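The values are calculated or read from the model by the stated rules, or taken from the named source; none is laboratory data. Keep in mind that what you see is a predicted model, and the values were worked out from it rather than measured. No Cβ is skipped: glycine too gets one built from the backbone with ideal geometry, and neighbour counts run over all protein chains shown.
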Amino acid sequence: MSGDLDAALAAIAAGRIVVIAGDALRGGDIDLMVAAHHVTPEAINFMATHGRGLICLSVTPERAAQLGLTLINPGTARQTGRPFARSIEAEEGVSTGISAADRAHTVRVAIADDAGPQHIHSPGHVFPLIARAGGVRERAAACEAAIDLARAAGAGDAAVICSIMRDDGEMARIDDIADLIAAHGLEVADIRALIARLEAADA
């Protein structure tokens with residue numbers, strides 16, 4: 001189930017959630033993704049309900065620097081496959097911080113044009129991931145793919161992603177979620193197809 005990249009980009013541009021497949025660094029784990037520019041409480045709730053993994057905010061190195069965020073583990077040893085910064089919460093406008101509405105608000109605060117360290121505090125309930133500057137061509141993972149997909153769709157340069165877990169608690173593979181894809185009309189963006197598209201554009 002490789003999906004149609006153009007259909008996925010159209011869905012992202014329209015503010016819909018898509019599935020990212022083909023993460024070469026995490027053993028084939030798959031993620032739900034929505035452009036951060038289009039995040040809503042409903043999108044966060046969908047990810048929490050159907051993804052069940054950690055809900056993360058993929059940001060560029062420039063955005064991370066603007067927010068005062070750095071990698072928790074900048075070295076190469078004992079890496080998890082996810083380039084985590086410290087967790088964050090919006091400084092204002094949240095209650096417990098973990099509700100779908102609060103997490104969507106935190107994402108919107110973090111990606112605002114004028115956002116800075118003064119607008120967030122830690123720890124929180126949104127988990128930033130700092131992408132490589134070269135994007136998916138430098139690191140073929142969902143964090144970078146999500147940003148490159150958002151850019152290609154004209155939907156900003158940040159994205160919310162959530163890995164998908166099966167009912168039995170194991171991490172899902174693309175063939176495990178055929179019913180979810182069909183029930184919600186989800187498009188699938190394959191990282192390998194995205195890389196091929198970007199490389200062809202550079203040629």
Report task. Residue by residue through segment 121-134, note down the ones that are surrounded by 20 or more Cβ atoms within 10 Å (Cβ to Cβ) and either in contact with an Asp or Glu (Cβ under 6 Å, 6 or more places away or on another chain) or part of a loop (DSSP other than H, G, I, E, B) (or both). Result -> Gly124, Ala131
Query - Odd one out for Asp114, checked against (1) surrounded by fewer than 21 Cβ atoms within 10 Å (Cβ to Cβ); (2) without any contact (Cβ under 8 Å) to a residue 60 or more places away in the chain; (3) farther than 30 Å from Ala178 by Cβ; (4) touching a helix residue (DSSP H, G or I) at 6+ places or on another chain (Cβ under 7 Å) - result: (4)
Report summary line: Scanning segment 138-191 for residues that are within 21 Å of Ala14 (Cα to Cα) and among the β-branched types (Val, Ile, Thr) gives Ile147, Val160, Ile161, Ile181, Val188, Ile191
Query raised in the report: Of the residues in segment 162-203, how many are part of a loop (DSSP other than H, G, I, E, B) and free of Cβ contacts under 8 Å to residues at least 24 places away in the same chain?
Result: 7
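Could you list, in sequence order, the residues of segment 176-202 that are loosely packed, with under 10 Cβ neighbours inside 10 Å and at pLDDT below 95? Working first, answer last.
The first filter runs over segment 176-202 and keeps only residues loosely packed, with under 10 Cβ neighbours inside 10 Å, leaving 179, 182, 185, 200-202.
Ala200, Ala201, Asp202, listed by residue number.
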